[in-house]
Amino acid sequence: MSSTQVPKLSRRGFCLCCVGVASIGVAGGWLSPREAYAEAHQLVHMIRDSAAKADITTHKLRGGVYLLEGSGGNIAVFVGATGKVMVDAGITATRPKIVKALGALGNQPVKTLINTHWHFDHADGNEWVHAEGATIMAHDNTRARLLETQRVEDWDFTFPPSAPGAIPTETFSSDKKIELEGCKLHLLCYEPAHTDSDIGVYFVDQNVLHTGDTYWNGIYPFIDYSTGGSINGKIAACEKSLSMVDDRTIVVPGHGNPVSNKAELRAFHDMLVAVRDNVATLKKKGMSVGEVVAAKPTAKFDAKWGQFVITPGLFTELVYEGV
C-alpha cells in the first residue's frame with residue numbers, strides 16, 4: 001500500500017517542509033503519487049508553519065546583487081545607493097528574518113518588489129513588503145490570480161483572494177526593459193510554463209538571471225496545471241532563459257541549489273525534453289497514467305533529480321497530463 005511521510009528537508013529544498021510518496025499505483029485502493037502528494041497532511045499549512053522556523057542564508061552574487069535563501073522560493077535583492085529591489089517576497093512567517101537579512105545589506109528601503117509568479121511561496125510576503133513602502137511589479141496574470149480565489153488541485157488547497165496591499169500595481173505581459181535604483185533590468189515574460197504568470201528577471205550589468213520557478217536546480221519541478229502551467233511551456237521557458245545567458249551568468253532558480261549556471265540550466269532543460277518524449281511515447285501506445293508511472297520513464301534521471309519533493313512517480317504524472 002502507498003504511504004505518505006514528511007521527511008526532514010535540507011535548506012536547499014522546495015519549501016522547507018513537504019512530502020515523500022512511495023506509491024506507483026492508481027488502482028486497487030492505492031494512492032497514485034499525485035493523490036498522495038495532494039493529501040499530504042495539509043501541505044500548504046505545514047510549509048507556512050515551518051517557514052517561521054526557517055533560517056535565511058545570504059549569498060553575495062555580484063554588482064550589488066544578493067540572494068536570500070530559506071523562505072520558500074529563492075529571493076534576489078539588488079542594493080542601490082538609495083533603495084533596494086527585491087525579486088520575490090517569500091513566506092510571511094519568515095518576515096522577521098528577511099527584515100534582518102535585508103538590514104544587514106544596508107539601511108536602504110525596499111523600493112520595488114517584483115514577483116516571478118503568483119504562488120504563495122513567492123508572493124505571500126507581498127503585503128508586508130508593500131506596507132513598508134515598496135511598489136509591486138508582476139505579470140498581468142499574477143495580478144489577476146492574486147485578485148481572485150485560486151484552486152491548486154495538486155496541493156489540495158484553495159487560496160482566497162489576496163489583501164489589497166498584496167496586489168501588484170504595475171503589470172505587463174511582454175518583455176520589458178527598465179532601470180530601478182540604478183540597476184538595468186530585463187523582465188522576461190515566459191509563455192505558460194510553471195504557471196501562466198511566470199517571468200524572469202535579468203540583472204543586465206551584473207549578468208545575473210532569476211528564472212523564478214521555470215527552473216528548479218537538481219530536483220524534479222512542479223507544474224501547476226490548475227493555473228495554466230504545461231510541460232512544453234516549461235521547456236520553452238528554459239530555452240528562452242538559455243538564450244539570455246552565457247558561461248559567466250549566475251542563474252538563480254526558483255528552488256534547489258540557489259546559485260547556478262548555464263550548464264546546470266541546460267542539463268535541466270535536456271532532462272525535461274527526454275522525460276517528456278519518453279512519457280509521450282508510452283502514452284501514444286494507449287498506456288494509462290498508472291501504467292506509464294510503473295514503466296519508470298524517468299529512471300535514467302532519478303538518481304540526480306528524483307531524490308526530493310517531486311518524486312519520479314509524481315513528476316511522471318505531471319508530464320503525462322501535458323503530452
- Please specify each residue of segment 126-141 satisfying the condition of being under 17 Å from the mean Cα position of the chain (by Cα) and under 10 Å from residue 162 (Cβ atoms). 126
- Item | Where residue 316 falls short, out of the listed (1) assigned to a helix (DSSP H, G or I); (2) farther than 21 Å from residue 153 by Cβ | (2)
- For segment 181-193, state whether one or more residues are within 16 Å of the chain's Cα centre (by Cα) and part of a helix (DSSP H, G or I). no
- Message: Out of 309, 289, 293, I need the residue that is under 22 Å from residue 237 (Cα atoms) and touching a Phe, Trp or Tyr at 6+ places or on another chain (Cβ under 9 Å). Which one?
- Response: 309
- Residue count, segment 155-181 (criterion: crowded, with 19+ Cβ neighbours inside 10 Å and not β-branched (Val, Ile, Thr)): 5
- Message: Going residue by residue through segment 85-107, is there one that turns out to be closer than 24 Å to residue 176 by Cβ, buried (at least 19 other Cβ atoms within 10 Å of the Cβ), more than 16 Å from the chain's Cα centre (by Cα) and assigned by TED's automatic domain parsing to the domain that holds residue 148?
- Response: yes
- Task: Filter segment 211-247 down to residues that are surrounded by fewer than 22 Cβ atoms within 10 Å (Cβ to Cβ) and in contact with a strand residue (DSSP E or B) (Cβ under 7 Å, 6 or more places away or on another chain) and give me whichever is nearest to residue 122 (Cα to Cα).
- Result: 227
- Note on the structure: Counting only residues in segment 80-107 that are in contact with a strand residue (DSSP E or B) (Cβ under 8 Å, 6 or more places away or on another chain) and without any contact (Cβ under 8 Å) to a residue 40 or more places away in the chain, the one farthest from residue 201 (Cα to Cα) is identified as 106
- Message: For segment 126-137, which positions are in contact with an Asp or Glu (Cβ under 8 Å, 6 or more places away or on another chain) and either on the phi > 0 side of the Ramachandran plot or surrounded by fewer than 21 Cβ atoms within 10 Å (Cβ to Cβ) (or both)?
- Response: 135
- Task: Considering each residue of segment 43-73, count those that are in contact with a helix residue (DSSP H, G or I) (Cβ under 9 Å, 6 or more places away or on another chain), of a type outside the set (A, V, I, L, M) and not in a strand (DSSP E or B), and give that number.
- Result: 9
- Need at least 3 residues that are more than 15 Å from residue 76 (Cα to Cα) and not assigned by TED's automatic domain parsing to the domain that holds residue 142 per element, so show me which helices (runs of 4 or more DSSP H) inside segment 202-305 make the cut, counting only ones lying wholly within it. 262-284, 289-294, 302-305
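Could you list, in sequence order, the residues of segment 121-144 that are among the charged types (D, E, K, R) and touching a helix residue (DSSP H, G or I) at 6+ places or on another chain (Cβ under 6 Å)?
Taking segment 121-144 first, the residues among the charged types (D, E, K, R) are 121, 124, 127, 132, 140, 143.
Within segment 121-144, 124, 127 meet the criteria.
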- Item | Among (1) assigned to a loop (DSSP other than H, G, I, E, B); (2) modelled with pLDDT under 95; (3) farther than 20 Å from residue 212 by Cα - the single one residue 309 does not satisfy | (3)
- Item | Subset tally (residues that are of a type in the set (D, E, K, R) and farther than 26 Å from residue 313 by Cα) for segment 224-277 | 5
- Task: Say whether the condition of being at pLDDT 95 or above and over 20 Å from residue 232 (Cβ atoms) is met by at least one residue in segment 263-279.
- Result: yes
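The values are calculated or read from the model by the stated rules, or taken from the named source; none is laboratory data. The shown structure was predicted, so the numbers you read here are calculated from the model rather than taken from an experiment. Note that each Cβ is placed from the backbone with ideal geometry, even for glycine, and that neighbours are counted across all protein chains shown.
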